[in-house]
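We did not get these values from a lab; they are worked out from the coordinates using the rules stated. Since the structure is predicted, the reported quantities are computational estimates derived from the model, not experimental observations. So basically every Cβ, Gly included, is an ideal-geometry build from the backbone, and we count neighbours across all protein chains shown.
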Amino acid sequence: MRTGGEDALGTVIDRYTGYVGTIVWNIIGSAMSTADAEEVVSEVFYTLWRNADKVRPGSLRGYLASIARSRAKNKLREARIDLYLEDDLLEEPDPSPEKRLGDAERAEYLRAALKLLPPRDRDILVRHYYYYETTAQISQDIGIPRETVKTRLKQGREALRKILFREAV
Amino acid sequence: MDTRVSDIFDFYDGELPELAEGSPIDCGNVKKLVGQLLSGAPSAAKMPTRRKLMKWAVIAAAVLVLFSIAAFAKQAAVIESGEEAISASNAELASMRKAGILKAGLLLTPEDCTYVHDEKLFQLFRDSSELCWVITYNTGKYSGNLVINTVSGKITFLNITAIPDKGEKPWITKNCPPNGLLSWYDNYGDLFDTTMTVDDFCEKLCAYWGFNGYSIAAGDGAALLVNPKGIYNSRTDVNFTGDRAGRTQYIEVNSFCSGAEIMFGFDHSKG
């Protein structure tokens, strides 16, 4: 993109504003204005521009999603707004300092936990906890009752809890 | 203690499902805002007043002081115990796997580590002696040593031997009196991606260590990291440019009767 210049960035913005905008809106839309959300989305593309050489081929969508989440969550923090997703809390045993998982370990354990789930349940977890889609949206999109979505989220959380915290105490 | 599942997903880097797109975000407005960010010009709607600028200057100065204190504190927040050294090493090994340097699923536990000690022996990123932790480990499948810099938290030396899996066919079997028949294995795939060349590996190490280039002093950069023709791959000396310009680092890949081995790091025998 760096070599393609600002035209290339324009093409990326055309193509991905819908995607990035949806993630940002899912996270801050209930508490902030459209102008705030547009500011966050523009920061996402600006970050991409500054780090274009670090984005691996084929990973652009994932990179944008990750920056979108992080920027939108920061925006809420800056405004001291605390928004809870449905069923977002997981009881974690208080780990001793030496057994507290580092970021890299958390990422690995999360991958391991998600691998244990059937693909459809994994998608539901990612849609809710990564994309911040509501259970009602997920239910509508994939055509299953909302209660079933909630049950599958509960099962997914249980699988996560078992793997993430099994060695924490 | 409660953890938010959505925060755990900050670490998610797997496959992403389709997203039903829908938001009031206007692509034209986003382009305008990105244009302002690119030109460095503040948004007209947000042009600060002189009073606001003064306020920001005071805040910036305060933040600078806080950052300086934090930076000092971070510098001081070194690896202080063996447990921290093991935990930091596991995080770095995971980074190395993510960067494609390693494939080995090596995860250290205190029980696996027979020697964990802080040392001041090696010359590391700069030409000075720096503190580090030395760990000797044996997890059953993997054994070896590693050195992790006490301050930077980077692994600066790593040696891993992977024993072959049960039933794995030997690569070479030789009669070695007085020991009789001995077998060598080419299970390098337990350690790293065997399609990597020396150049591929050096580039990844450069990125990991934060160097801005390298040159091969002995060996062929285009050759595979593992030499399929010989059971012993001679040492490849690599000069990394950057903090260690002109100083040799090295990479060594071997096969022993105990399994395949890779070793790389800063040449403490020369440094």
Task: Matching option when the condition is under 30 Å from B:Thr109 (Cα atoms) and of a type outside the set (A, V, I, L, M, F, W, C), among B:Pro164, B:Pro177 - done: B:Pro164
Task: Test: residue in the range A:33-55 that is surrounded by fewer than 18 Cβ atoms within 10 Å (Cβ to Cβ) and within 12 Å of the chain's Cα centre (by Cα) - done: no
- [ ] Keeping to the range A:113-146, report how many residues are assigned to a helix (DSSP H, G or I), over 17 Å from the mean Cα position of the chain (by Cα) and more than 11 Å from chain B (Cβ to nearest Cβ).
- [x] 3
- [ ] For the range B:172-183, state whether one or more residues are crowded, with 19+ Cβ neighbours inside 10 Å, farther than 23 Å from B:Val238 by Cβ and not aliphatic (A, V, I, L, M).
- [x] no
Open item on the list: Residues to consider are B:Asp199, B:Asp118; find the one that is in contact (Cβ under 8 Å) with a residue 12 or more places away in the chain and part of a helix (DSSP H, G or I).
Closed with: B:Asp199
